[in-house]
Amino acid sequence: DAAALGARLVPDARIVLIGGGFIGLEVAASARMRGCRVTVLDAAPRLLGRAVPEAIATRVHALHEAQGV
């Protein structure tokens, strides 16, 4: 699956990820590094809602936003 996904992460590809957990955000970061246009959608009010405290989630959100996600 990773090899198939990697082949699609080409510059200017539009990528929409559903879920703002660790895996989705890692894919988002990798896609941005390859020049993709990335959007992350999550039904929860914040990223990493079940995994980390709000302060950390806020910093992760800001980092991804600064990188164009």
Legend entry - Accessible area of Asp42 in the full protein assembly, 1.4 Å probe (Å², nearest 10): 70 Å²
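Rounded to the nearest 500 deg cm²/dmol, what is the calculated helix-only ellipticity per residue at 222 nm for the chain, with -39500 (n - 2.57) per DSSP H run of length n ≥ 4?
Details: 3 runs with 32 residues, N = 69.
Dividing the helical sum by the residues of the chain leaves -14000 deg cm²/dmol.
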Legend entry - In Hz, Karplus ³J(HN,Hα) per residue of the range 31-47 (6.51, -1.76, 1.60; θ = phi - 60°; x = Gly, Pro): 5, 5, 4, 8, x, 7, 8, 10, 10, 10, 10, 8, 6, 6, x, 8, 5
Legend entry - Extension gain (nm, one decimal) between Ile23 and Thr39, 0.36 nm per residue minus Cα-Cα: 4.4 nm
Inset, instruction - Could you check the simple spin-label distance between Asp1 and Glu65, using points 7 Å along Cα→Cβ, in nm with one decimal? - result: 3.0 nm
Inset, instruction - Could you please report the charge total around Ala31, scoring K, R as +1 and D, E as -1 over all other residues with beta-carbon less than 14 angstrom from its beta-carbon? - result: +3
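Run the accessible area of the chain with a 1.4 Å probe and give the carbon-and-sulfur part as a rounded percent.
On the way: 2930 of 4990 Å².
Answer for the chain is 59 percent, counting heavy atoms of protein chains only.
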Inset, instruction - With no solvent and one equal point scatterer per Cα, compute the Debye intensity ratio I(q)/I(0) for the chain at 0.16 Å⁻¹ and report its log10, rounded to two decimals. - result: -0.51
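Any idea of the accessible area per residue across the chain, 1.4 Å probe, to the nearest Å²? Each step should come with its number before you reach the end.
Numbers: 4990 Å² over 69 residues.
That works out to 72 Å² for each residue.
Compute the signed sum of charges (Lys and Arg +1, Asp and Glu -1) over the other residues within less than 14 Å, Cβ to Cβ, of Gln67. Present the calculation step by step, with values, prior to reporting the outcome.
Numbers: positive: Arg32, Arg34, Arg37, Arg59; negative: Glu26, Glu65.
Surrounding charge for Gln67 is +2.
The values are calculated or read from the model by the stated rules, or taken from the named source; none is laboratory data. All figures in this text were calculated on a predicted structure; none of them were measured in a lab. With ideal geometry, Cβ positions are generated from the backbone for all residues, glycine too; neighbour counts draw on all protein chains shown. For accessibility, only protein heavy atoms count, side chains too; no ligands or nucleic acids. Shrake-Rupley method; radii C 1.70, N 1.55, O 1.52, S 1.80 Å.
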